[in-house]
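The values are calculated or read from the model by the stated rules, or taken from the named source; none is laboratory data. Please read all numbers here as calculations on a predicted model, not as lab measurements. A quick note on method: Cβ atoms are made from the backbone with ideal geometry, for glycine too, and the neighbour counts reach across all protein chains shown.
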Amino acid sequence: MIPTEFGQRLRRWCACSGALVLLFSLTLWGLLKYCLENDLFSYVLLVPAISAWLIWQDREQLRLEFRPAVGWCIALGAIAAAAILCSFVVGGATPDAEVNRLTLRTLGFVAAFGAVSFFCLGGIVMRQVAFPAAFLIFMVPLPPVGVDLLEMGLQHASAVVAGWFFSLTGATYLQSGLVFNLPNITIQVAPECSGIRSTLVLFMTSLIAGHLFLRHNWQRAVFALLVIPLGVARNGFRIVTIGWLCTEYGPQMIHSWIHHKGGPVFFALSLLPLFGLLFLFRWMNNRRLNPTNPGDEPPASRSTAPVTP
């Protein structure tokens, strides 16, 4: 049951949010077209729905009380204003310049939406929905320079790990940076082999899973950060697999399905250790909540009975 006073604030939030969407309609339309044309950012279209679903899941536990949060309103409003102003400073008619403007204006929209939410709903409610609200930052597409840096980092790291795997297999190879010279083929780790899209999606998935299933922030941090080395190891293993197939069965295997269509298979393999860690953390948390042996009980939960002679 929504309190009458808070119901008025909720209606005010809906009206302000609708006005904000209209104000940024051109930006949001440009974001929609960009994400439909760019596979790397196709996940952006799901972000608002995921945030809304997370809030809906916890709707019964929300404490609908209002407390002003002036500081957050000012901070997020300042970020929104700065992002919008910077978007007009970015010059040029190149595709990269257009994406930079789209990135800044989308950031301005997300920050403005956060400021409106704090202003209308207050700090108590926003603290309870902190994760879904913060998750909206993934609506902002990375600028081209950010994509290039991340892609380059994953590309070179994958080549290093692939070299380690080749050494473990005892294969004959010669590595020069991103190039592997094998007995009957030369393989180069291209930007498309960086796995940037699957790594971003897996990172977002780990954040959601940590929020839903883990109790401690340190567990959530470890769980999410594990995605990066897992993504690099997955790419390195894929490179070694393709190299081994080319060496054993011929260079034509470079055009096989495992190279062009095998990404989901290696993505699924990378989920195994991630889910293993999730189950481990869940087991640890359940063990602390429901100790099976008296010796497992926390000291604070034990009762001491008086001893009479």
With respect to Leu230, determine if the residue is crowded, with 18+ Cβ neighbours inside 10 Å and touching a Ser or Thr at 6+ places or on another chain (Cβ under 7 Å).
yes
Examine the stretch 195-207 for a residue that is on the phi < 0 side of the Ramachandran plot, surrounded by fewer than 15 Cβ atoms within 10 Å (Cβ to Cβ) and at pLDDT below 90, and state whether such a residue exists.
no
Out of curiosity, is Ala190 in the same structural domain as Cys246 (by TED's automatic domain parsing) and within 15 Å of Ile242 (Cβ to Cβ)?
yes
Pair list, Cβ < 8 Å and 6+ apart or interchain, from the stretch 35-52 residues that are assigned by TED's automatic domain parsing to the domain that holds Phe135 and loosely packed, with under 14 Cβ neighbours inside 10 Å to residues that are at pLDDT below 95 and polar (S, T, N, Q):
Leu36/Ser42
It is to be established whether one or more residues within the stretch 92-102 are of a type in the set (Gly, Ala, Ser), at negative phi and in contact with a helix residue (DSSP H, G or I) (Cβ under 7 Å, 6 or more places away or on another chain).
no
When you check Trp56 against the structure, is it more than 16 Å from the chain's Cα centre (by Cα), assigned by TED's automatic domain parsing to the domain that holds Phe109 and under 29 Å from Leu202 (Cα atoms), yes or no?
yes
Are any of the residues in the stretch 145-157 among the charged types (D, E, K, R) and buried (at least 17 other Cβ atoms within 10 Å of the Cβ)?
yes
Which pairs do you get when a residue that is surrounded by 14 or more Cβ atoms within 10 Å (Cβ to Cβ), found in the stretch 260-289, comes within reach of a residue that is of a type in the set (Ser, Thr, Tyr), reach meaning Cβ atoms under 7 angstrom, with the pair 6+ apart or on two chains?
Gly263/Ser198; Phe267/Ser198; Leu274/Ser206
May I ask you to list the residues in the stretch 248-287 that are small (Gly, Ala, Ser) and part of a helix (DSSP H, G or I)?
Gly263, Ala268, Ser270, Gly276
The helices (runs of 4 or more DSSP H) lying wholly within the stretch 92-202 that contain at least 2 residues that are touching a residue at least 40 places away in the same chain (Cβ under 8 Å), within 30 Å of Gly71 (Cβ to Cβ) and not basic (Lys, Arg) are 95-121, 123-128, 130-135
Selection count, the stretch 259-293, where residues are small (Gly, Ala, Ser) and at pLDDT below 80
2
Reported set for the stretch 26-79 where residues are modelled with pLDDT of 95 or more and not in a helix (DSSP H, G or I) is none
Condition broken by Ala134, with the remaining ones in (1) under 23 Å from Val201 (Cα atoms); (2) in contact with a Leu (Cβ under 6 Å, 6 or more places away or on another chain) satisfied
(2)
Residues (over 24 Å from the mean Cα position of the chain (by Cα), hydrophobic (A, V, I, L, M, F, W, C) and surrounded by 15 or more Cβ atoms within 10 Å (Cβ to Cβ)) located in the stretch 63-114
Leu64, Phe66, Ala69, Cys73, Ile84, Cys86, Val90
Return the residues of the stretch 1-28 that are of a type in the set (Gly, Ala, Ser) and either over 29 Å from the mean Cα position of the chain (by Cα) or surrounded by 13 or more Cβ atoms within 10 Å (Cβ to Cβ) (or both); say none if nothing qualifies.
Gly7, Ala15, Ser17
Search the stretch 211-225 for residues that are assigned by TED's automatic domain parsing to the domain that holds Ser270 and pair each with any residue that is assigned to a loop (DSSP other than H, G, I, E, B) and surrounded by 12 or more Cβ atoms within 10 Å (Cβ to Cβ) when their beta-carbon atoms are under 9 Å apart and the residues are at least 6 apart or on different chains.
Arg220/Leu214; Phe223/Leu214
Residues satisfying the stated conditions in the stretch 27-68, i.e. among the basic types (Lys, Arg) and either under 14 Å from Thr103 (Cα atoms) or in contact with a Leu (Cβ under 8 Å, 6 or more places away or on another chain) (or both):
Lys33
